[in-house]
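See below for the structure under consideration.
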Amino acid sequence: MRFEDRRDAGRHLARRLEHLRGENVVVVGLPRGGVPVAYEVARGLDAPLDVLVVRKLGVPWQPELAFGAIGEQGVRVLNQDVIGEARLDEADQETVEQAERAELERRIRRYRAGRAPVPLTGRTVVVVDDGLATGATAQAACRVVRNRGAARIVLAVPVGPERTLPTLHAVADQVVCLQVRRHFGSVGAWYHDFTQTGDAELTALLARAADRTRAAAPSYPPDPERPLPDREVTVPADRVRLAARLVLPDTAQAVVAFAHGSGSGRHSPRNRYVATTLNRAGLGTLLLDLLTEDEEHDPHNVFDILLLARRLRAAADWLRRETALPVGYFGASTGAGAALEAAADDDIRAVVSRGGRPDLADPAALARVRAPTLLIVGSRDTRVLSLNRLAADRMHCEHRLAVVPDATHLFPEPGALATVAELARDWFTAHLARPDSALPPHRSA
């Protein structure tokens with residue numbers, strides 16, 4: 001099958017991606033030929049469209065061999081294996097990057113025409129091109145998108161060679177290729193009309209998509225092109241200061257502190273995705289690192305639930321002083337154990353656990369928790385599901401176990417993380433606005 005042109009290919013691709021409709025999706029097209037395809041995908045999914053300008057960083061004496069890639073907002077991704085094998089020193093790298101950065105900025109100014117980039121943090125990002133050849137540009141694009149905070153990456157193309165696709169699964173969560181060809185030839189061979197896309201056509205499509213997004217955006221939640229203001233803060237705890245990211249909508253009536261799992265922190269794309277959903281429901285969020293960089297190197301600290309709980313309680317106290325708002329906890333993996341341990345001896349208004357390990361909290365602490373608690377687990381995460389059921393049996397507060405169908409531990413399946421975010425949003429909005437008298441009296445240990 002040959003496509004009539006790029007727009008025709010984009011319409012076919014949009015139908016294949018229909019399952020993403022309703023998720024927090026951004027479609028990005030690679031210039032130039034990927035943008036007409038991406039325009040139709042974005043229109044089909046009713047999602048915002050953006051251009052993704054990336055530049056490969058080539059080894060000076062072998063430019064086709066990339067040692068990295070650069071993108072907007074200072075993003076730089078390096079391949080240390082290539083750097084080592086090519087024996088590139090910092091001066092060589094800097095020279096190449098300066099030249100490519102200048103070209104990148106030139107193209108961005110031309111294509112964007114003054115528009116700000118669409119935020120990618122915490123969102124499902126569909127990376128679109130008009131086809132694959134070696135896949136090198138697609139790999140670079142996916143790495144840049146990941147570094148910009150995407151929670152999930154779907155690489156989508158109309159056509160590509162069979163030999164190229166396996167390498168792309170390492171950088172994308174899902175690869176969608178309408179036509180996988182063993183004998184490929186060139187991308188243009190699979191189009192009746194493969195006329196080069198000009199800069200004027202590209203900028204016109206981007207402007208038209210931006211107008212459509214603005215016209216369709218409701219007054220609330222806020223337009224995703226205008227992200228809520230956030231600030232990097234430090235939270236005092238245990239004679240250390242913990243790095244954190246605070247987002248506080250103007251109308252916030254409560255704030256949620258996030259306790260991350262082992263090996264994760266305030267930059268966790270999954271938790272940032274959930275936090276963005278809470279922000280757009282009018283809830284404040286604090287994503288913080290419960291350990292300092294030095295402490296993270298000791299594996300014992302990662303599973304020291306009492307230490308993590310103590311830090312989380314300190315963060316809740318700081319939030320109350322700074323915002324005068326009621327506080328809830330969102331815990332992921334081991335962070336859920338810390339959140340419940342902390343909630344047992346603190347006036348926390350609600351708790352949500354994502355794929356959590358509540359069993360790591362002391363059984364006596366679980367029995368003392370009085371905050372309404374939601375435990376979210378994937379149906380295919382069987383071991384953690386069993387541990388959550390056992391922990392729930394020890395709890396005397398209002399609680400619920402929500403099982404997400406066909407989801408595994410990190411909820412990478414299509415729509416799974418969006419379900420988690422919606423469950424958390426609904427739980428917090430239902431419980432965090434309660435008056436203090438709605439909670440039972442706090443019981444001492």
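Just so it is clear, none of the values below were taken in a lab; they were calculated from the coordinates. For clarity, every value in this text was computed on a predicted model and none was experimentally measured. Please note: Cβ atoms are built from the backbone with ideal geometry, for glycine as well, and neighbour counts cover all protein chains shown.
Could you tell me whether segment 41-136 comes out rounded, prolate or oblate from its Cα gyration tensor? Rule is a ≥ b ≥ c as square roots of the eigenvalues, rounded for a/c under 1.5, then prolate if a/b exceeds b/c, otherwise oblate. Cα axes put segment 41-136 in the prolate bin.
At most 14 other Cβ atoms within 10 Å and a DSSP loop assignment: could you name the trypsin sites (Lys or Arg not before Pro) in segment 66-109 that fit?
Qualifying residues, ordered by number: Arg87.
For the pair Asn147 and Arg21 in one chain, pulling the backbone fully straight at 0.36 nm per residue adds 43.0 nm over the alpha carbon distance.
Once you order the gyration tensor axes a ≥ b ≥ c over the Cα atoms, which shape class does segment 307-445 get: rounded for a/c under 1.5, otherwise prolate or oblate by comparing a/b with b/c? Before the final figure, lay out each step's value.
Values: a/c = 1.75, a/b = 1.43, b/c = 1.22.
Since a/c reaches 1.5 and a/b is larger than b/c, the shape of segment 307-445 is classed as prolate.
In a DSSP loop and with at most 16 other Cβ atoms within 10 Å, the chymotrypsin sites (Phe, Trp or Tyr not before Pro) in segment 230-319 are Phe303.
Across all Cα pairs in the chain, the calculated P(r) in 20 Å bins from zero up to the longest distance comes to 24, 50, 24, 2 percent per bin. Distance between the C-alpha centres of segment 150-218 and segment 363-430: 36 Å, rounded to the whole angstrom. Taking a point 7 angstrom from the Cα of Leu410 along the C-beta vector, which residues in segment 149-175 have backbone N less than 16 Å away? Output list for this probe position: 149-155, 168-175. Compute the distance from the alpha-carbon center of segment 263-342 to that of segment 1-37, in whole Å. Comparing the Cα centres of segment 263-342 and segment 1-37, I get a distance of 37 Å.
Once the C-beta distance of Glu422 and Asp250 is scaled by a Förster radius of 25 Å, the resulting FRET efficiency is 0.65 to the nearest 0.05.
Is the shape of segment 146-208 best called rounded, prolate or oblate, per the rule: a/c under 1.5 gives rounded, else a/b larger than b/c gives prolate, else oblate, with a ≥ b ≥ c the square roots of the Cα gyration tensor eigenvalues? Mind showing how you got there, number by number?
Numbers: a/c = 2.87, a/b = 1.08, b/c = 2.66.
Taking the square roots of the gyration eigenvalues as a ≥ b ≥ c, segment 146-208 is oblate.
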